[in-house]
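The values are calculated or read from the model by the stated rules, or taken from the named source; none is laboratory data. No experiment lies behind these values; they were computed from the predicted model shown. A quick note on method: Cβ atoms are made from the backbone with ideal geometry, for glycine too, and the neighbour counts reach across all protein chains shown. In case anyone asks, the SASA skips ligands and DNA or RNA and just uses the protein heavy atoms, side chains included. Shrake-Rupley method; radii C 1.70, N 1.55, O 1.52, S 1.80 Å.
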Amino acid sequence: MAKVIIFGVLDSAELAHWYLENDSDHEVVAFTANKAYIKQDSFKGLPLVAFENVEEVYSPSEYKLFAPMTGRKMNKLREKIYLEGKKKGYEYISYISSKATNLGVGIGENCFILEDNTIQPFTEIGNNVVLWSGNHIGHHGVIKDHVFFTSHVVMSGHCIIESHCFFGVNATLRDNSHLKKGTLLAMGACLTLQETEEWGVYVGSPAKKLKDKISHEIY
Ligand SMILES: CC(C)(COP(=O)(O)OP(=O)(O)OC[C@H]1O[C@@H](n2cnc3c(N)ncnc32)[C@H](O)[C@@H]1OP(=O)(O)O)[C@@H](O)C(=O)NCCC(=O)NCCS
């Protein structure tokens, strides 16, 4: 059980608060956000402090951070905040829903894993990964850092997901796929290719790469 500060004041932060309060032993003690986004001094009845100097108010030796942000800008914003928190000396918690089935070999820190995800045996998940509700994460897979699965994605067995990838709702990956860094698989896409290109955007069934589109420039 940890005393936790949640980063953010939008939907993801409000949801993180709800999940930690209702389905974890952690105690949420405060919220933090960048100064430019702070319009009041409390959120959800708890103190809201500037991220720029949060460590002066809540010591990293006593408190842990949780930064469950959206995947916009292909997870680069999430990565930036995650690394800034690390630099301040914080450890992060991960939240794994009691209603998820986790048979995998490991899950890193600052992961947000919601209800009805199935993580099969021998699959490893890195740091700062979001699995929104209801994904199938197949066996013998590897998911690296700063990756976002929305909902009802099917990742078949033996897939390797490099950092910063984003999966739209209902996307499907065949077994043994290797998704290169920053791949964006659109909602409903069915990936039959065994390998993608870095920062590529793939849509449709079978999924085709959108010409002249770079994922972090459009999403
Ligand atoms: C991939 C994605 C980001 C593209 O969005 P966009 O930049 O607004 O792209 P556009 O709508 O301009 O589409 C570009 C082209 O791809 C096609 N396209 C886009 N998404 C598609 C999809 N999911 N399936 C098939 N074709 C798609 C469009 O029809 C368009 O084709 P055209 O150029 O022949 O007209 C978006 O479709 C997507 O999948 N977003 C994720 C949604 C999601 O899962 N949200 C859950 C949030 S929790």
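Some notes on this structure:
- Matching residues in region 160-173 - criterion: being farther than 11 Å from residue 185 by Cβ and surrounded by fewer than 24 Cβ atoms within 10 Å (Cβ to Cβ): 160, 162, 163
- Residues that are in contact with a Leu (Cβ under 7 Å, 6 or more places away or on another chain) and crowded, with 16+ Cβ neighbours inside 10 Å within region 33-47 comprise 33, 38, listed in sequence order.
- In region 178-218, the residues that are crowded, with 18+ Cβ neighbours inside 10 Å and not aliphatic (A, V, I, L, M): 181, 182, 183, 196, 199, 200, 202, 215
- Contacts under 7 angstrom Cβ, first residue in region 57-74 being within 24 Å of residue 217 (Cβ to Cβ), partner within 16 Å of the ligand (Cβ to nearest atom) and of a type in the set (A, V, I, L, M), 6 or more apart: 69/77; 71/130; 74/184
- In this entry, residue 152 passes the filter for residues that are closer than 16 Å to residue 71 by Cβ, within 13 Å of the ligand (Cβ to nearest atom), of a type outside the set (A, V, I, L, M, F, W, C) and surrounded by 16 or more Cβ atoms within 10 Å (Cβ to Cβ).
- Flag for residue 118 being closer than 23 Å to residue 76 by Cα, at pLDDT 95 or above and either more than 9 Å from the ligand (Cβ to nearest atom) or not acidic (Asp, Glu) (or both): no
- Residue within region 95-115 that is open to solvent by less than 70 Å² (accessible area, probe 1.4 Å), part of a strand (DSSP E or B), in contact (Cβ under 8 Å) with a residue 12 or more places away in the chain and within 16 Å of the ligand (Cβ to nearest atom) present: yes
- Test: residue in region 48-58 that is open to solvent by 40 Å² or more (accessible area, probe 1.4 Å), within 30 Å of residue 200 (Cα to Cα) and not assigned by TED's automatic domain parsing to the domain that holds residue 115: no
- The set of residues from region 47-91 being closer than 19 Å to residue 145 by Cα, outside any helix (DSSP H, G or I) and polar (S, T, N, Q) comprises just one member, 70.
Residue by residue, here is whether (1) within 14 Å of residue 148 (Cα to Cα); (2) in contact (Cβ under 8 Å) with a residue 40 or more places away in the chain holds:
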position: 171; (1), (2): yes, no
position: 179; (1), (2): yes, no
position: 182; (1), (2): yes, yes
position: 189; (1), (2): no, no
position: 195; (1), (2): no, no
position: 201; (1), (2): no, no
position: 205; (1), (2): no, no
